[in-house]
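Asker: First the structure, which I've put down as structure tokens, then a few questions once you've had a look.
The values are calculated or read from the model by the stated rules, or taken from the named source; none is laboratory data. All values reported here derive from a predicted model rather than from experimental measurement. Cβ atoms come from the backbone with ideal geometry, glycine included; neighbour counts cover every protein chain shown. Note: areas computed on protein heavy atoms with side chains; ligands, DNA, RNA excluded. Shrake-Rupley method; radii C 1.70, N 1.55, O 1.52, S 1.80 Å.
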Amino acid sequence: MELDRLATLKTINVLTMAILIAYVVFNAQWLLWAALLLTLGNAFESRITSALACYWMKFATVLGAFNSRLILTLTFYLILTPLAIVYRIFNRSLVDHFRANKRQSYFEDLNKNYTPADFEKTW
């Protein structure tokens, strides 16, 4: 993944801001020096900062794919599944028709003579 100059600047600026916020929270002196080095590397268009931005975006892509799957899985199993179970418990009359139908097939024969007009607007 090759980033253009503007994307590299934006990525390094965001990383610098994140490091500065971490410095404010943790008060670790090395975080301030890391932010300074990133800023200087960005100002002088260093190949190291370009590579760092490229690797960070690759990491963010992988992390985003993992997080989306994790969040969707947790949402399904922790929110939607219990909600469906509670709905079925309290609305038994609305879901009993699923179990009451004992047909072998849901296919229904239609004995109809079709005309060309039936095929004009199928949906």
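Asker: Quick one: which of S68, S93, S50 is assigned to a helix (DSSP H, G or I), open to solvent by 80 Å² or more (accessible area, probe 1.4 Å) and of a type in the set (G, A, S)?
Answerer: S93
Asker: Follow-up question, since we're still on this one. Of L3, L83, which residue is open to solvent by less than 90 Å² (accessible area, probe 1.4 Å) and under 30 Å from the mean Cα position of the chain (by Cα)?
Answerer: Just one listed residue meets the conditions, L3.
Asker: Filter segment 41-60 down to the residues that are within 18 Å of the chain's Cα centre (by Cα) and without any contact (Cβ under 8 Å) to a residue 40 or more places away in the chain and list them by number.
Answerer: F59, A60
Asker: If you scan segment 7-38, which residues turn out to be farther than 18 Å from L52 by Cα, part of a helix (DSSP H, G or I), hydrophobic (A, V, I, L, M, F, W, C) and open to solvent by less than 60 Å² (accessible area, probe 1.4 Å)?
Answerer: Answer for segment 7-38, where residues must be farther than 18 Å from L52 by Cα, part of a helix (DSSP H, G or I), hydrophobic (A, V, I, L, M, F, W, C) and open to solvent by less than 60 Å² (accessible area, probe 1.4 Å): just A22.
Asker: Is it fair to say A117 is without any contact (Cβ under 8 Å) to a residue 24 or more places away in the chain, assigned to a helix (DSSP H, G or I), exposed (fewer than 10 other Cβ atoms within 10 Å of the Cβ) and not hydroxyl-bearing (S, T, Y)?
Answerer: Judged against the criteria, A117 is a match.
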